[in-house]
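The values are calculated or read from the model by the stated rules, or taken from the named source; none is laboratory data. A quick note: this is a predicted structure, and the numbers were derived from the prediction, not measured. We place every Cβ from the backbone using ideal geometry, glycine too, and count neighbours over all the protein chains shown.
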Amino acid sequence: MKTKITLVIAVAASLAVGFVAGKFQASFPWREHLASYTFERDAYSASCYTQVLTLWRSGHEDDAKNTLERSLDLSLASLQDIPTTAETGRIRDAIIQARDYRTKYPLDKTSPELEARIQKVLASIQ
């Protein structure tokens, strides 16, 4: 009798844990958020590239350059809050490359707040 009660309690507990875990998994569509983020990022990149190429081909080279500069600055600023554990070699190389570029070609049309964020990212890689 004691074995049957223990078995029933174990099965009931397993069902309850499975129900709670399944409910949590169903309420957190992380795959959708990840896919949405990835696709939106790629769509933004495509839009930016199209804008730059259109400006360049229509003879507005300075506007194309400024659009690329702004895109670079916004991308760097977005890396300010990246956790150290998420830093990969590719991210590190991109920051070093951007730092070398910004050293050679400083931008003078950036807001002080954005400039502070960019400098924090560029200084984060030694």
Condition first: among the small types (Gly, Ala, Ser) and not in a helix (DSSP H, G or I). Now tell me which residues in the stretch 115-126 satisfy that.
Ser124
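Residue-wise test of (1) part of a helix (DSSP H, G or I); (2) of a type in the set (A, V, I, L, M, F, W, C); (3) modelled with pLDDT of 70 or more.
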| residue | (1), (2), (3) |
| --- | --- |
| Ile9 | yes, yes, yes |
| Ser14 | yes, no, yes |
| Val17 | yes, yes, yes |
| Gly22 | yes, no, no |
| Gln25 | yes, no, no |
| His33 | yes, no, no |
| Thr38 | yes, no, yes |
| Arg41 | yes, no, yes |
| Cys48 | yes, yes, yes |
Gln119 - would you say it is farther than 21 Å from Tyr37 by Cβ and either surrounded by 15 or more Cβ atoms within 10 Å (Cβ to Cβ) or not basic (Lys, Arg) (or both)?
yes
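Residues checked against (1) of a type in the set (Val, Ile, Thr); (2) in contact (Cβ under 8 Å) with a residue 60 or more places away in the chain; (3) not in a helix (DSSP H, G or I):
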site	(1), (2), (3)
Lys65	no, no, no
Leu68	no, no, no
Ser71	no, no, no
Ala77	no, no, no
Ile91	yes, no, no
Gln97	no, no, no
Asp108	no, no, yes
Glu113	no, no, no
Complete set of residues in the stretch 86-123 that are more than 14 Å from the chain's Cα centre (by Cα) and polar (S, T, N, Q)
Gln97, Thr103, Thr110, Ser111, Gln119
